[in-house]
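A.B. asks: Please see the structure below; I have some questions.
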């Protein structure tokens, strides 16, 4: 009798185990859906969380992947979406509060943007985003601003631009917010008084550069 009961209990346990296993296969645990799998779906998700409105001329191409432990929240979605656009060759331009236009980053130079004036190298007014912004910075020692801009070109992003306003001793830069913060820090280190020896050396370099340009112009205008 005892052997019969033990055998019956064992069969019951095996049956329950098989039944539970089969149920798990029939009803697997649903995978967490990525609301930002594509840029278009991500724009919709950001709009839902933050109330932003986005305009774009064509369907956004590209997708976004993130690790399993990455959680999108209302606090990080704006920064994350900015980076996702940047990784896929896009950027955002603010039209007015809460309304943005999405365009290809290579076309950012043709889009008007308000200028952020940076004073005393304080970058707090520059958003820490991968969107492009326009910054104006007045040098404290504007002896040779064009030489500073020349030194900065290797640090610019692919579609970043930098120009010198010689008459005001200012530098105007357009780049991503993240890179602008870095560039302003570099300018701060370069914006220092120069010695007479360094000044003389710079003047010679500028003179040779000017003579070289004039020589090239003469050669191109007189090919024969």
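The values are calculated or read from the model by the stated rules, or taken from the named source; none is laboratory data. On a predicted model such as this, the values are computed, not experimentally measured, just so you know. Because the Cβ atoms are built from the backbone with ideal geometry, glycine has one as well, and the counts that use them run over all protein chains shown.
A.B. asks: How many residues does segment 96-113 hold that are in contact with a strand residue (DSSP E or B) (Cβ under 7 Å, 6 or more places away or on another chain) and either outside any strand (DSSP E or B) or under 13 Å from residue 190 (Cβ atoms) (or both)? Show your work before the answer.
C.D. replies: Taking segment 96-113 and keeping what is in contact with a strand residue (DSSP E or B) (Cβ under 7 Å, 6 or more places away or on another chain), we get 98-105, 108-109, 111, 113.
Retained after the next criterion (residues that are either outside any strand (DSSP E or B) or under 13 Å from residue 190 (Cβ atoms) (or both)): 98, 105, 108-109, 111, 113.
Final tally of qualifying residues: 6.
A.B. asks: Checking residue 133 against (1) without any contact (Cβ under 8 Å) to a residue 24 or more places away in the chain; (2) surrounded by 15 or more Cβ atoms within 10 Å (Cβ to Cβ), only one condition comes out false. Which one?
C.D. replies: The one condition residue 133 does not meet is (1).
Yes or no, residue by residue, for (1) assigned to a loop (DSSP other than H, G, I, E, B); (2) in contact (Cβ under 8 Å) with a residue 40 or more places away in the chain:
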{"site": "42", "(1), (2)": "no, yes"}
{"site": "60", "(1), (2)": "yes, yes"}
{"site": "67", "(1), (2)": "yes, no"}
{"site": "74", "(1), (2)": "yes, no"}
{"site": "79", "(1), (2)": "no, yes"}
{"site": "116", "(1), (2)": "no, no"}
{"site": "122", "(1), (2)": "yes, no"}
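A.B. asks: Of all residues in segment 136-147, count the ones that are surrounded by 19 or more Cβ atoms within 10 Å (Cβ to Cβ) and either in contact with a strand residue (DSSP E or B) (Cβ under 6 Å, 6 or more places away or on another chain) or under 12 Å from residue 175 (Cβ atoms) (or both).
C.D. replies: 2
For (1) buried (at least 17 other Cβ atoms within 10 Å of the Cβ); (2) more than 15 Å from the chain's Cα centre (by Cα), each residue gets a yes or a no:
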site	(1), (2)
69	no, yes
73	no, yes
85	yes, no
92	yes, no
100	yes, yes
108	yes, no
119	no, yes
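A.B. asks: Could we say that residue 46 is in the same structural domain as residue 100 (by TED's automatic domain parsing) and at pLDDT 85 or above here? Can you show your working first?
C.D. replies: Numbers: in the same structural domain as residue 100 (by TED's automatic domain parsing): yes; at pLDDT 85 or above: yes.
When the stated conditions are applied, residue 46 passes them.
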